[in-house]
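Down below is the structure, laid out as structure tokens.
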Amino acid sequence: MKLFEFQGKELFSRAGIAVPRSRLARITNPDGVPLADGEGSLQERLEAAARELADQSSLGTPRLVVKAQLDMGGRGKAGLITIAGGDGSSRDDLAREVSQAARQMVAGDYTIPAILLEEAVAFNQELYLSISVDAPGGGYVLLASAEGGVDIETLAAERPEAIQRIYIDPLRGLLPYQTRGLAYNLGLQGELVRAFGDLAARLYSLFLENDAELAEINPLFVRSDGGGLVAGDAKVIIDDNSLHRHPEFPLLREQYDSDAAFEAAREGIPYLQFDGAISLMCAGAGLATTVFDLVNYEGGTVANYLEFGGPNYNKAQRAMELCLQNDSRVILIVTFGTIARADVMAKGVVEAVKNLNPDRPIVTCLRGTNEEEADATLRAAGLEPLYNTEEAVRKAVALAGGKA
Ligand code: GDP
Ligand code: MN
């Protein structure tokens, strides 16, 4: 589960990681329903919040950052982060600017559950810091860069040498010498070296305690007033498999991109929302990912990634219902059953087709244990069994109106 910036910053704050002073103004409630008091009131709440932050500031009238809360990187470029106030502007100007900025964000194409209003940080430098799972290494990896503020994938592609890595042994933990060495490599000096080590240790504890897959701070500001480090952004992803022991992170509609994605999460069916033409209904994460790549390779586009293998192999009907919630033009079913038997999946698919009477073509390629029986079941129901993944993908792409 991806947490919003404001939720991540709440975790940071509780863990003793400095974050800017802030106020949150909700637009929808956590179930995704717009607040009954409407947009006029959003403006009033934001203006009041801007005044409160100004009152608490030691800077006279501070600058404030207006930040749309949604699951998306690069918000700055998309106009979803704006800095309000500045030289000589009055409190009234500031409040007006804040509500004006929010109005523009809300009027755009994005679904924004809340606006975070923060006191702007004056900084000398933007660092990057993250901790994530290092599956191949059987541990965790801490990444840091003195060139934060930009998209880390871009930095990794263009200047990989600007990213420092530390392997964290889960049994030893993050050791002080590691972060000290890293801080020096980042060019930090004096008190900042200690502050960096302290912050990294806190981030690591937070990462473990919350069963996170990723805890990222980008940018991590070095304040220009000598006040040390402050987290300018927060990206925290909680491992879905651990949510049962974290009642503090309930599954809520606002955490997902679509109704289907939300329902899938509640069912425990791995699902990702896209906006293309082909719904994938596959079994096995590796196979599903391969099919995803093949669809793109063949010039098609994916509407949704859905994986109903493993413990979900008898959930064909639920899986198809989720696919049908998309505006896709084809449902492409590719499975390779070993323990999850092909014949069971075929029966499930046929049953689902009978019950749901789908309004779009279904392409089936179900192989593995008992595939002869699976084929017979599909044929009896008027579905054509295919035996080759590439062939199935090409057929789906052609049916979707992509490359023939
Ligand atoms: P993201 O692009 O969606 O990850 O949003 P971020 O929260 O990382 O903000 C993007 C950029 O906005 C930062 O790298 C900064 O350049 C700028 N920004 C965000 N907060 C502040 C702030 O408090 N002060 C200043 N001066 N710039 C900020
Ligand atoms: Mn960021």
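Read-outs: derived from the displayed coordinates by stated rules, not from any lab. Computed from a predicted structure; not experimentally measured. So basically every Cβ, Gly included, is an ideal-geometry build from the backbone, and we count neighbours across all protein chains shown.
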statement: For the chain the mean separation of alpha carbon contacts under 8 Å (6+ apart) over residue count, i.e. relative contact order in percent, is 13
- request: Taking the Cβ of each residue in GLU373, GLU307, GLU321 as the centre, tally the other Cβ atoms inside 10 Å and list the residues starting with the fewest.
  value: GLU373, GLU321, GLU307
message: Rounded to whole Å, give me the distance from the Cα center of the range 131-190 to that of the range 324-351.
response: 41
- prompt: Which ³J(HN,Hα) values, rounded to whole Hz and listed in residue order, are derived for the range 143-151 from phi using the Karplus coefficients 6.51, -1.76 and 1.60 in 6.51 cos²θ - 1.76 cosθ + 1.60 with θ = phi - 60°, glycine and proline given as x?
  reply: 10, 8, 8, 7, 10, x, x, 9, 4
statement: So, relative contact order of the range 1-130 in percent, Cα under 8 Å, 6 or more apart, is 35
message: Taking θ = phi - 60°, what integer Hz values does the Karplus form 6.51 cos²θ - 1.76 cosθ + 1.60 yield along the range 99-115, in sequence order, with x for Gly and Pro?
response: 6, 4, 4, 5, 4, 5, 5, 5, 6, x, 7, 9, 8, 10, x, 6, 10
statement: When LEU251, LEU94 are ranked with the fewest other C-beta atoms within 10 Å first, the list becomes LEU251, LEU94
- line: The summed charge of the THR377 Cβ neighbourhood (under 9 Å; Lys/Arg +1, Asp/Glu -1) stands at -1
query: Taking K and R as +1 and D and E as -1, what net charge do the other residues with C-beta under 15 Å from the C-beta of PHE4 add up to?
result: -2
task: List CYS365, CYS323 from most exposed to least, where exposure is judged by having the fewest other Cβ atoms within 10 Å.
output: CYS365, CYS323
- prompt: Pairs of lysine in the chain with Cα under 15 Å and at least 8 positions apart or on different chains: total?
  reply: 8
message: When a/c reaches 1.5 or more, the comparison of a/b and b/c decides; with that in mind, is the range 257-400 rounded, prolate or oblate per its Cα gyration tensor?
response: rounded
task: Can you bin the range 74-169 into rounded, prolate or oblate? Criterion: square roots of the alpha carbon gyration tensor eigenvalues sorted a ≥ b ≥ c, rounded for a/c under 1.5, prolate for a/b above b/c, oblate for the rest.
output: prolate
- line: Here the relative contact order (percent) of the range 123-245, from C-alpha pairs under 8 Å and at least 6 apart, is 30
message: As a test of the definition: which semi-axes, in Å, follow for the range 21-119 when you take the square root of five times each eigenvalue of its alpha carbon gyration tensor? Largest first, please.
response: 22, 15, 11
- line: Rounded to the nearest 500, the 222 nm mean residue ellipticity computed for the chain from DSSP H runs (n ≥ 4, each -39500 (n - 2.57)) alone is -11500 deg cm²/dmol
